[in-house]
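Peer 1: One structure is given below, represented as structure tokens, and several questions about it will come after.
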Amino acid sequence: MKISSVPRNPNLAFRAKGLTKVYGEGRTAVHALRGVDMEIPKGEIVVLLGPSGSGKSTLLNILGGLDRPTEGTAHFTDQCLTDMDDSALTLYRRNHVGFVFQFYNLMPSLTAEENVELVTEIARNPMDAGKALSLVGLGERRHHFPAQLSGGEQQRVAIARAVAKQPEVLFCDEPTGALDSTTGRAVLRVLRDVNDRLGTTILIVTHAAATAAMADRVIHFADGGIREISTNKTRLDPEELVW
Amino acid sequence: MSPLDKKLWRDLRRVKGQAAAIGLVIALGVMMQVMMSGLVHSLQETRAEYYERYRLADIFAPVLRAPNSVTPQLAAIEGVSRVETRVTGMVLIDIPSRDLPVMGRAISLPPGGDPGLNAIYMSTGRMFDAAHPEEIVLLDSFAEANGLKAGDNLVATINGAQRQYRIVGTARSPEYLYTTAPGELVPDDARFGVIWMNRDALAAAYDMVGAFSEALFAINRDATQASVLQEIDRVLKPYGGGGAYGLEDQYSNRFVSEEMSGLEVSASGVPPFFLAVAAFLLYIVISRMVQAEREEIGLMKAFGYRNREVGWHYMKMVLVIAIGGAIAGCLIGIGTGRAMINLYTMYFKFPFLVFVLDPTSFVSGVSVSILSASIGGLFVMRRIFRMAPADAMRPPAPADYSAAGQIGAWFAKYLDQPSRMVLRRVTRQPGRMMGAVLGIAAGMALTLSMITIYAGFERTLDLTFTVVDRSDVTVGFARPVGEDAIFALRRIPGVEVVEPTRAVGAVLRNGRFSHQGAVTGLTVAPELIRAIDSDYSTIEMPESGIVLAKELADLLDIKPGEMLAVEVMGGRQPVVDVPVVAIAQSLLGAPAYMGMEALNRALGEPGLASGAYLKIDKAFEQEIFAALRDMPMIAGVSLKSEMRTAFETLMNQGAGATRYVMGLVAFIITFGIVYNAARVAQAERARDLASLRVIGFHRGETAFVLLGELAVVTLLALPVGSMIGHYMSFAVAEGFSTELYQIPSLFLPESHGYSALVVIAAALFSGWLVKRDLDRADITTALKTRE
């Protein structure tokens, strides 16, 4: 088994080896990832920085169980993601992972609370939907529909939805991309709180270099590969970020 | 090609599946229009051409025996352009394969075989040789139906003398497109024959040397037929004439006209429903498709394109689909029309075909498609144009469901979140849902009305041959007979019931309304042949008074209690005024019934019967036929089973035949609508569905949100479709009814059930197709795709 061939480190959330992703074939092939090796410890906030097309979203999708690499392996703790079939990946997403997207992806036909319940209904060990909304400061607005919420509020509902299942990992793809800076900082504050209180590993993909200052670890992407990995000795509070 | 046009082609390629589905539906709508009107036009043209080429007469004047010297007098009548006289008479033809001889008509032709009027078309063999009086030409359809061909011998009884004749050829005639056994309504090729032979030979057989028994007339275009008829009757009266009639009353022509007008009514009455349903669908789908282009529209506006330019760009896309579908419809319509016309040419026995197309059907089909697609496209574009480009470019704000409010606590207990999504979407976008519901309902209505029509045809057969007529055999007498003949029938072993009838030709008049038909005299409480009311119970024949079929009463605009004038065309030709006492239900023909005694009294011929209905023991069938064959007073015998088969053939090959094509088209349209509804919903929800998958919902759970919506819409559409279909079927039934038979629109629960099953099956299949695509979809790209 591949699992036994990889040295186990109980403190690691993710290990990736030789991850390659190629779209298309022959002359038109696009190499989104070119043999990425990396490890992400549990409980950290990790920011993936890099220009468009550098491969950071592709990596996030593979680690999140939304996509498969062309080559290489990826492990979540001791489970090999790259060996999983479609159904196992669905269960992986359902039980271990939360997602936050740039455009929130809320269900317009469900209220804030119901959007959260959408997840708690199927999760193994969920928290109360109301509690999840209180965590993002939206306890009062739980009966509102997405159309009645501002962009920042919608993103906070999306975060509440993502954390309500108490996932081990939270994936955030440009979570502040559609928000102004004040609202963006408020959303990052929520992520930081989740990390502090629940110990959730958080991966944030962003263009905004300033966000890096709130991370434990920053992975710089360029041309489908990791250019540099840096660690912050001290993390800034989201309120201190400037962009 | 401009970049915009390139974009257009690529966009079309992207949506090709859906474009094809939309195009197909509109194509079928247009096809029906083109096919049916082309069919009717071609048949009418062909008939006109056939009549003209073979010089079918305008006026027919039968006479007992008129000397040839009268002919110049007839030719001199004002308005007459040509006269042709001939000898005709009844014959009995022995067919080896049949137990009973069949009736026929012998008609004389001049020695060369080419008369001035009513020429014949030789289909096989040759014309008779005037030097051989035993040579005859036989009606093509009769020969074929009885397995006879040129070279065969034929035994026939003419004027009491049985002789053997030799068939030298078979022919078609515009005068005998349809033949019917005497006393029957429904044509049957096998049981009425026409023999053409040399005039001298036939005149000798009928003792008509130097005389004629029928005069044929062609009249000038500007002549008034009525006055010509009057004049002919005046001239021929002394020779036993007086019953001249126009082509419109000639039996075969009348039947062909009725069949064609039946087709014409179906052609003008039914396809518009198909086109309307297709157009409605086109409108809905196009408007949703343009809605999906909103971001691109915003982008183009941001580049500085004017509304007009953007609008035209998208209209081109809409028009390509609509016009493409319509043109495909025209082409398929021409193809199917041609195929159907070939079938009908055989059915009507035309020797050739004049194929014409009706340009208006193309124009109406294409313009309705363009119009409904344009309206759908423009309507949505106007809304998008009102937005600032920046707003349009952003992904749309989440649809506002706030009006949906909360789901009650009680309800909430039973509804999980996916179910709530389905419920809110259905209840909170009522306009959109209503469009989908109505679309599917319209499709179901089409299917339902076609299924209802099928049942209507069955009912017509059933009512005619098991409820109204319960006999096994019908006997026609050569001339009216007395009681003793009826007793003779009763004495035949195996004959269980004999019911005499008296039928006479008559003109029924109520004020300015009149109808030329027949009055049938029935016994007081008939068992075998009955007039029935709407509850199917027997109407007892009154002492005096007349019972009219509903169609006939409607035609004459008369109600029970009112007086009707009956001008009898037999015996001493009396005119009697009788009260209408009851209205009978009949789906075949338009019969009028009187008590037999009352009718005989009016005729001054008490105790006579012109025919009888028999119920027999099937075990004695052969013996009974042998006995009937030996009875000299019997002119014809019809088996009900043969009559039923003939009627079935008529309904399945005549105007009614189109119902099968229409039924198939209705089914395809219904499927197309349901499939489109599913596809559109899928496109609109791609993002939501992908989000659900990302969150960790399995494929089945995700599909539930989409298919649940389709299920709800389909279920809502069932009662609506049931209702629309119920009303639509009245109009469609009207379209399929001809003057000869009526097709009722029946409310049958099973018809509604079947059409619901069709819709459900279409929904299940569409759901399966959509689900298959959902399963294949890549969630990450689906998340990024624009809506």
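Peer 1: Within segment B:730-745, work out how many residues are among the aromatic types (Phe, Trp, Tyr) and crowded, with 24+ Cβ neighbours inside 10 Å.
Peer 2: 2
Peer 1: Got a number for residues in segment B:109-139 being in a strand (DSSP E or B) and polar (S, T, N, Q)?
Peer 2: 2
Peer 1: If you don't mind, there's one more thing I want to ask. Go through segment B:768-781 and give me each residue that's more than 14 Å from chain A (Cβ to nearest Cβ) and modelled with pLDDT under 90.
Peer 2: Listed by number, the residues that qualify are B:Leu769, B:Val770, B:Lys771, B:Arg772, B:Asp773.
Peer 1: Please indicate, with yes or no, whether at least one residue in segment B:263-282 is in a helix (DSSP H, G or I) and either under 25 Å from B:Gly636 (Cα atoms) or in contact with a Lys or Arg (Cβ under 6 Å, 6 or more places away or on another chain) (or both).
Peer 2: No; the residues of segment B:263-282 include none that is in a helix (DSSP H, G or I) and either under 25 Å from B:Gly636 (Cα atoms) or in contact with a Lys or Arg (Cβ under 6 Å, 6 or more places away or on another chain) (or both).
Peer 1: What tally of residues in segment B:698-734 results from selecting those that are without any contact (Cβ under 8 Å) to a residue 24 or more places away in the chain, farther than 18 Å from B:Gly435 by Cβ and of a type in the set (A, V, I, L, M, F, W, C)?
Peer 2: Final tally of qualifying residues: 1.
Peer 1: Counting only residues that are part of a strand (DSSP E or B), within 18 Å of B:Val495 (Cα to Cα) and at pLDDT below 85, how many does segment B:601-638 have?
Peer 2: Summing the residues that are part of a strand (DSSP E or B), within 18 Å of B:Val495 (Cα to Cα) and at pLDDT below 85 in segment B:601-638 gives 4.
Peer 1: Could I ask something else about it? State yes or no: is A:Ala178 surrounded by fewer than 20 Cβ atoms within 10 Å (Cβ to Cβ), within 22 Å of A:Val242 (Cα to Cα), among the aliphatic types (A, V, I, L, M) and within 14 Å of chain B (Cβ to nearest Cβ)?
Peer 2: The answer is yes for A:Ala178.
Peer 1: Would you check which residues across segment B:330-379 are surrounded by 17 or more Cβ atoms within 10 Å (Cβ to Cβ), of a type in the set (Val, Ile, Thr) and not in a helix (DSSP H, G or I) and list them?
Peer 2: B:Val354
Peer 1: Given the criteria more than 26 Å from B:Tyr741 (Cα to Cα) and either part of a loop (DSSP other than H, G, I, E, B) or within 32 Å of the chain's Cα centre (by Cα) (or both), does B:Gln573 qualify?
Peer 2: The answer is yes for B:Gln573.
Peer 1: Looking only at segment A:131-148, which residues are more than 7 Å from chain B (Cβ to nearest Cβ) and under 24 Å from the mean Cα position of the chain (by Cα)?
Peer 2: A:Lys131, A:Ala132, A:Leu133, A:Ser134, A:Leu135, A:Val136, A:Gly137, A:Leu138, A:Gly139, A:Arg142
Peer 1: Of the residues A:Arg141, A:Arg94, A:Arg156, which is closer than 21 Å to B:Leu689 by Cβ and not hydrophobic (A, V, I, L, M, F, W, C)?
Peer 2: Result: A:Arg94 is the single residue among A:Arg141, A:Arg94, A:Arg156 that is closer than 21 Å to B:Leu689 by Cβ and not hydrophobic (A, V, I, L, M, F, W, C).
Peer 1: Taking A:Thr176, is it part of a helix (DSSP H, G or I) and not aliphatic (A, V, I, L, M)?
Peer 2: No; evaluated as a whole, the condition is false for this residue.
Peer 1: Shifting gears a bit: Test each condition in (1) within 30 Å of B:Val368 (Cα to Cα); (2) in contact (Cβ under 8 Å) with a residue 40 or more places away in the chain; (3) surrounded by 20 or more Cβ atoms within 10 Å (Cβ to Cβ) for B:Met300 and report the one that comes out false.
Peer 2: (2) is the only condition that B:Met300 fails.
Peer 1: For segment A:83-102, enumerate the residues that are free of Cβ contacts under 8 Å to residues at least 60 places away in the same chain and more than 11 Å from A:Lys165 (Cβ to Cβ).
Peer 2: Passing the criteria: A:Met84, A:Asp85, A:Asp86, A:Ser87, A:Ala88, A:Leu89, A:Thr90, A:Leu91, A:Tyr92.
Peer 1: Which of the numbered conditions does A:Ala160 fail, given that it passes all the others? Conditions: (1) touching a Leu at 6+ places or on another chain (Cβ under 6 Å); (2) at the interface with chain B (Cβ under 7 Å from one of its Cβ atoms).
Peer 2: A:Ala160 satisfies every listed condition except (2).
Peer 1: Looking at B:Met434, is it closer than 27 Å to A:Asn115 by Cβ, more than 14 Å from every other protein chain (Cβ to nearest Cβ) and assigned to a helix (DSSP H, G or I)?
Peer 2: When the stated conditions are applied, B:Met434 passes them.
Peer 1: Looking for something at pLDDT 85 or above, in contact with a Phe, Trp or Tyr (Cβ under 6 Å, 6 or more places away or on another chain), of a type in the set (A, V, I, L, M, F, W, C) and surrounded by 16 or more Cβ atoms within 10 Å (Cβ to Cβ) - is there at least one such residue anywhere in segment B:513-520?
Peer 2: No, every residue in segment B:513-520 fails to be at pLDDT 85 or above, in contact with a Phe, Trp or Tyr (Cβ under 6 Å, 6 or more places away or on another chain), of a type in the set (A, V, I, L, M, F, W, C) and surrounded by 16 or more Cβ atoms within 10 Å (Cβ to Cβ).
Listed here are the residues, each with its yes/no results for (1) small (Gly, Ala, Ser); (2) in contact with a Ser or Thr (Cβ under 9 Å, 6 or more places away or on another chain).
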{"position": "B:Val422", "(1), (2)": "no, yes"}
{"position": "B:Gly431", "(1), (2)": "yes, no"}
{"position": "B:Gly443", "(1), (2)": "yes, yes"}
{"position": "B:Met450", "(1), (2)": "no, yes"}
{"position": "B:Ile453", "(1), (2)": "no, yes"}
{"position": "B:Gly456", "(1), (2)": "yes, yes"}
{"position": "B:Ser471", "(1), (2)": "yes, no"}
{"position": "B:Ala485", "(1), (2)": "yes, no"}
{"position": "B:Pro493", "(1), (2)": "no, no"}
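One line per residue, one yes/no per condition, for (1) in a helix (DSSP H, G or I); (2) away from every other protein chain (no Cβ under 13 Å); (3) under 28 Å from the mean Cα position of the chain (by Cα); (4) within 27 Å of B:Ala20 (Cβ to Cβ):
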residue	(1), (2), (3), (4)
B:Leu692	yes, no, no, no
B:Phe697	no, no, no, no
B:Thr702	yes, no, no, yes
B:Gly708	yes, no, no, yes
B:Thr714	yes, yes, no, yes
B:Ile724	yes, yes, yes, yes
B:Phe730	yes, yes, yes, no
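Peer 1: Confirm whether B:Val265 is out of contact with any strand residue (DSSP E or B) (no Cβ under 6 Å at 6 or more places or on another chain) and modelled with pLDDT of 75 or more.
Peer 2: The answer is yes for B:Val265.
Peer 1: Do you know which residues across segment B:527-548 are in contact with a helix residue (DSSP H, G or I) (Cβ under 9 Å, 6 or more places away or on another chain) and surrounded by 13 or more Cβ atoms within 10 Å (Cβ to Cβ)?
Peer 2: Within segment B:527-548, B:Ile529, B:Arg530, B:Ala531, B:Ile532, B:Met541, B:Pro542, B:Ser544, B:Gly545, B:Ile546, B:Leu548 meet the criteria.
Peer 1: Would you check if there is a residue in segment B:673-680 being within 14 Å of chain A (Cβ to nearest Cβ) and in a helix (DSSP H, G or I)?
Peer 2: Scanning segment B:673-680, I find no residue that is within 14 Å of chain A (Cβ to nearest Cβ) and in a helix (DSSP H, G or I), so the answer is no.
Peer 1: Against the definition (away from chain A (no Cβ under 14 Å) and either of a type in the set (A, V, I, L, M, F, W, C) or under 21 Å from B:Val265 (Cβ atoms) (or both)), how does B:Arg644 come out, yes or no?
Peer 2: no
The values are calculated or read from the model by the stated rules, or taken from the named source; none is laboratory data. Every value quoted in this text rests on a predicted model; they were computed, and no experiment measured them. Reconstructed Cβ throughout: ideal geometry from the backbone, glycine too, with neighbour counts over all protein chains shown.
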